[in-house]
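Reading through the structure tokens given below for one structure.
The values are calculated or read from the model by the stated rules, or taken from the named source; none is laboratory data. All of these numbers come straight from a predicted model, not from anything done at the bench. Here the Cβ positions follow ideal geometry from the backbone for every residue, glycine too, while neighbour counts run over all protein chains shown. Heavy atoms of the whole protein, side chains included, go into the accessibility calculation; ligands, DNA and RNA do not. Shrake-Rupley method; radii C 1.70, N 1.55, O 1.52, S 1.80 Å.
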Amino acid sequence: MIPAHLNFAHLKRCVSILTVLEAKGVTTPLTKRGDQLFGPCPLHGGDNPNAFVISLSKNLWRCFTGCDAGGDVVELVRRLYGKNYRQTAAFLATLAATEPTSQTASSLQPLKKSFRPFTARLHLNASVPWLRQKRITCLLWGRTKLTN
């Protein structure tokens, strides 16, 4: 089992792309339009102010010029720092530990729901055309615990 602090799904929720850019020291100005940020690409050092787009709601990025690439926060760290997945997980875990988050450790545990099977009896009308078309007859109802 993967430790919670190295789980990519958890890390993607906890660390924003802006946090990664700040940690790298990227100081290029980003322009906000709606829930997106636009600016020059920090990966290839572009100067087009609309080439690099960050979706804040989805925590995704895309470069439309030199890199012609995009992805999530994991892919950004891999490209910015040249890290493999294990190193990327460790790096994001350090950022997640320093970044304030609204999630607590208890919210990361899977919810345990009690299983309740469907036990109600279905009352079907034999005159429904769909039942006749599917050849569901009164004889089948007894085998499937449906009532007539």
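On the basis of being open to solvent by less than 80 Å² (accessible area, probe 1.4 Å) and either among the hydrophobic types (A, V, I, L, M, F, W, C) or within 19 Å of F91 (Cβ to Cβ) (or both), does T19 make the cut? It is true that T19 is open to solvent by less than 80 Å² (accessible area, probe 1.4 Å) and either among the hydrophobic types (A, V, I, L, M, F, W, C) or within 19 Å of F91 (Cβ to Cβ) (or both).
Among residues of the stretch 32-43 that are open to solvent by 60 Å² or more (accessible area, probe 1.4 Å), those with a Cβ under 6 angstrom from a residue that is assigned to a strand (DSSP E or B) and of a type outside the set (G, A, S), sequence gap 6+ or separate chain, pair up as Q36/V53. Conditions: (1) buried (at least 16 other Cβ atoms within 10 Å of the Cβ); (2) modelled with pLDDT of 90 or more. E75 meets all but one. Number of the miss? Here E75 clears every test but (1). Whenever a residue of the stretch 58-75 is without any contact (Cβ under 8 Å) to a residue 40 or more places away in the chain and under 11 Å from C41 (Cα atoms), its partners that are of a type outside the set (A, V, I, L, M, F, W, C) and assigned to a helix (DSSP H, G or I), lying with C-beta atoms within less than 8 angstrom and at least six residues away or across chains, give the pairs C67/R79; A69/E75; A69/R79.
Checked against (1) modelled with pLDDT under 75; (2) within 13 Å of V15 (Cα to Cα), L95 meets all criteria but (1).
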